[in-house]
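Worksheet for the structure shown next.
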Amino acid sequence: MAGNKQNKSNDFLVQGSILAVAGIITKIIGLVYRVPLNNILGKEGNGYYSMAFSIYIVFWTLTSYSLPLAVSKLVSARIAKGQYKNAYKVFRGAMSLAVGVGGAVSILLFLFANTLASVVMKSDLSVYAIRVLAPCIFVVSVLGTLRGFFQGIGSMVPTAVSQIIEQIVNAIASIAGAYVLFNIGKKLGKTAEGTSYGAAYSAAGGTIGTVLGAFVALLFMLLVFVAYKKYFKRKMKRDGTKKSEDTRYILKILLLTITPILISATITNMNDFLDGTIFNNVMAAQGMAKKDYIDIYGVFGGRYSTLIAVPISIGSALAASFIPSLVASMQTRNKKEVFGKIESTYRFNMIVMIPCAVALFVLARPILDLLFSGDNTLAANMLRVGALSILFFGYMMVSNAVLQGIDEMGATVKNAFIALIVYVVAQLFMLVVLKLGIYGVIISRIIYGMTASYLNAKDVRRYIGYVQEKKRTYVIPGISAAIMGIIAFFSQLVLELFLPGKVATLITCMVAVIVYFVVLILLGGIKESEMKGMPKGHLLIKICRKLHLYR
């Protein structure tokens with residue numbers, strides 16, 4: 001009985017690890033394809049590409065981000081009570097909203113793309129990429145609802161597999177689209193006014209992969225859903241729930257659940273949009289040429305943000321998988337179980353975030369040179385300044401998930417709004433008064449993540465009395481990462497004397513990973529019982545025992 005209970009309590013971490021692993025795989029694919037894509041787009045093309053995506057992210061958040069979380073939360077709450085019919089009604093209601101709202105927003109984004117590009121972003125040629133992305137809003141709305149349903153029933157595998165499929169298709173189509181449309185735009189640029197059409201068209205071609213990837217992933221999820229539906233219908237037939245929730249009630253609950261998540265997520269994901277808008281407008285007002293500030297923003301979006309997003313995506317995946325499990329535990333009112341899950345999630349998150357931040361700080365230039373051609377001086381400086389943001393954004397995502405899971409979603413809205421105000425004021429001060437340029441954007445992001453994290457932690461403590469354990473969450477991973485960083489720094493210096501730079505960097509990265517986890521285990525950062533809850537945990541334990549890390 002004790003073993004079964006422990007397995008159940010660790011299941012959420014296993015499911016979270018599945019999404020986290022999928023997140024790592026998709027980000028690796030993303031890094032691999034962004035190298036040739038970055039070279040095709042160039043600095044200016046990356047600028048148009050990043051600005052189009054910053055607008056797309058806002059509309060994606062409005063239509064697609066909150067629905068999966070809401071569906072996951074509401075479905076898991078009903079599954080925990082054995083209410084399969086009501087859980088299915090939630091899914092159907094959410095799908096109706098996804099189709100209606102996603103379709104309407106796609107049309108609006110397409111129609112107003114020119115206004116958003118030229119008036120708001122001061123980047124008129126990004127209109128082509130925005131219009132290509134517009135239909136994707138509808139596709140990801142439906143896709144996200146299907147993923148939310150499976151996460152709600154406790155299965156992260158369909159979501160994980162669909163994410164990998166989506167990224168593979170995205171990679172192939174993005175490179176092909178960018179290359180083909182770059183040549184078309186280049187020819188057009190010879191006859192039309194201006195010489196930036198090649199960059200603008202290649203940015204639009206790069207976004208084709210996003211649309212096709214999401215569409216193929218949607219087809220996969222629909223096939224999985226059709227296959228699973230028969231099994232779920234048998235569960236519904238055995239459902240003896242007397243109280244059947246009507247459609248009006250379901251829609252009302254969905255809207256009540258979606259609204260705070262939507263507002264919080266919209267505020268959080270406004271960063272990219274505001275970064276581009278504020279930076280471009282301030283730089284234009286200060287007399288910088290349009291091509292110059294678009295080039296700088298292209299480095300920020302194409303290189304800096306690409307690398308920073310890798311570890312943050314792991315935290316995002318873990319947070320998404322954590323909500324259904326926390327909701328189920330809240331239903332049982334088992335405080336010990338709730339606190340245990342929260343502690344494990346925070347700790348697992350920091351075990352990943354801390355070494356990633358240190359690695360990107362210490363090996364900023366070598367990692368960029370490994371991945372991207374050309375001069376990476378500016379991007380390396382950005383990474384060194386912004387590496388700290390990984391810790392705060394990783395913590396913020398998990399703390400948002402905790403507040404959502406304990407039905408205190410209003411707190412995430414309040415905290416995100418306060419953090420956004422602080423962020424905008426800080427960014428304007430650093431751009432207008434201190435004239436820090438793109439570094440002002442990066443520092444203001446750190447301030448945003450730090451503010452939101454602090455406010456979230458304060459509210460979690462106020463609502464449920466939870467305070468995160470410090471030693472194994474922060475101190476041990478911090479010491480392990482510091483040792484890793486020192487060894488990685490000197491390893492890179494020595495290896496570059498004998499080996500080509502890229503080979504030296506690959507070896508250093510492998511050494512860094514091994515050093516970090518060996519030190520982490522030796523200092524007691526991960527216990528043997530905890531490793532069992534990870535994917536391939538038993539295999540990892542065998543390896544650790546052979547190395548005498550566990551006795």
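The values are calculated or read from the model by the stated rules, or taken from the named source; none is laboratory data. This is a predicted model, so every value here is computed, not measured. Here the Cβ is made from the backbone with ideal geometry for all residues, glycine too, and neighbour counts use every protein chain on show.
Table: residues versus (1) out of contact with any helix residue (DSSP H, G or I) (no Cβ under 9 Å at 6 or more places or on another chain); (2) modelled with pLDDT under 90; (3) closer than 29 Å to GLN492 by Cβ.
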residue: VAL327; (1), (2), (3): no, yes, no
residue: MET330; (1), (2), (3): no, yes, no
residue: TYR346; (1), (2), (3): no, yes, no
residue: ALA359; (1), (2), (3): no, no, yes
residue: LEU368; (1), (2), (3): no, no, yes
residue: GLY374; (1), (2), (3): no, yes, yes
residue: ARG384; (1), (2), (3): no, no, yes
Restricting attention to the stretch 340-375, report how many residues are free of Cβ contacts under 8 Å to residues at least 60 places away in the same chain, within 30 Å of LEU326 (Cα to Cα) and not hydrophobic (A, V, I, L, M, F, W, C).
1
Matching residues in the stretch 221-238 (loosely packed, with under 15 Cβ neighbours inside 10 Å and part of a helix (DSSP H, G or I)) number 10
What number of residues in the stretch 415-436 are more than 14 Å from LEU274 (Cβ to Cβ) and crowded, with 18+ Cβ neighbours inside 10 Å?
1
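Per-residue answers, yes or no, for (1) hydrophobic (A, V, I, L, M, F, W, C); (2) modelled with pLDDT under 85:
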residue	(1), (2)
ILE278	yes, no
ILE296	yes, no
GLY301	no, yes
SER305	no, no
SER313	no, yes
LEU318	yes, yes
ILE367 versus (1) part of a helix (DSSP H, G or I); (2) among the aliphatic types (A, V, I, L, M); (3) surrounded by fewer than 19 Cβ atoms within 10 Å (Cβ to Cβ): which is the lone unmet condition?
(3)
Is there a residue being within 27 Å of ILE438 (Cβ to Cβ), touching a Pro at 6+ places or on another chain (Cβ under 9 Å), not assigned by TED's automatic domain parsing to the domain that holds ILE168 and not acidic (Asp, Glu) anywhere in the stretch 28-44?
no
THR241 fails exactly one of (1) outside any helix (DSSP H, G or I); (2) polar (S, T, N, Q); (3) buried (at least 21 other Cβ atoms within 10 Å of the Cβ), namely (3)
Do we find a residue being acidic (Asp, Glu), out of contact with any strand residue (DSSP E or B) (no Cβ under 7 Å at 6 or more places or on another chain) and modelled with pLDDT of 80 or more anywhere in the stretch 1-21?
no
For the stretch 511-528, state whether one or more residues are out of contact with any helix residue (DSSP H, G or I) (no Cβ under 6 Å at 6 or more places or on another chain), surrounded by 16 or more Cβ atoms within 10 Å (Cβ to Cβ) and among the charged types (D, E, K, R).
no
Just one of GLY485, GLY478, GLY449 is touching a Pro at 6+ places or on another chain (Cβ under 9 Å), assigned to a helix (DSSP H, G or I) and in contact (Cβ under 8 Å) with a residue 24 or more places away in the chain; which is it?
GLY485
Can you say whether SER106 is part of a helix (DSSP H, G or I) and either farther than 30 Å from ASP239 by Cα or among the aromatic types (Phe, Trp, Tyr) (or both), as far as the supplied structure shows?
yes
Which pairs have Cβ atoms under 6 Å, sit 6 or more apart or on different chains, and link a residue in the stretch 165-189 that is closer than 11 Å to LEU37 by Cα and assigned by TED's automatic domain parsing to the domain that holds LEU222 to one that is at pLDDT below 90 and surrounded by fewer than 19 Cβ atoms within 10 Å (Cβ to Cβ)?
ALA171/ILE29; ILE175/PRO36
Within the stretch 157-171, does at least one residue satisfy the condition of being under 26 Å from MET236 (Cα atoms), in contact with a Phe, Trp or Tyr (Cβ under 9 Å, 6 or more places away or on another chain), hydrophobic (A, V, I, L, M, F, W, C) and not in a helix (DSSP H, G or I)?
no
Look through ALA284, ALA309 and report the one residue that is small (Gly, Ala, Ser) and closer than 28 Å to CYS356 by Cα.
ALA309
Tally the residues that are under 20 Å from the mean Cα position of the chain (by Cα) and over 22 Å from GLY47 (Cβ atoms), restricting the search to the stretch 362-407.
18
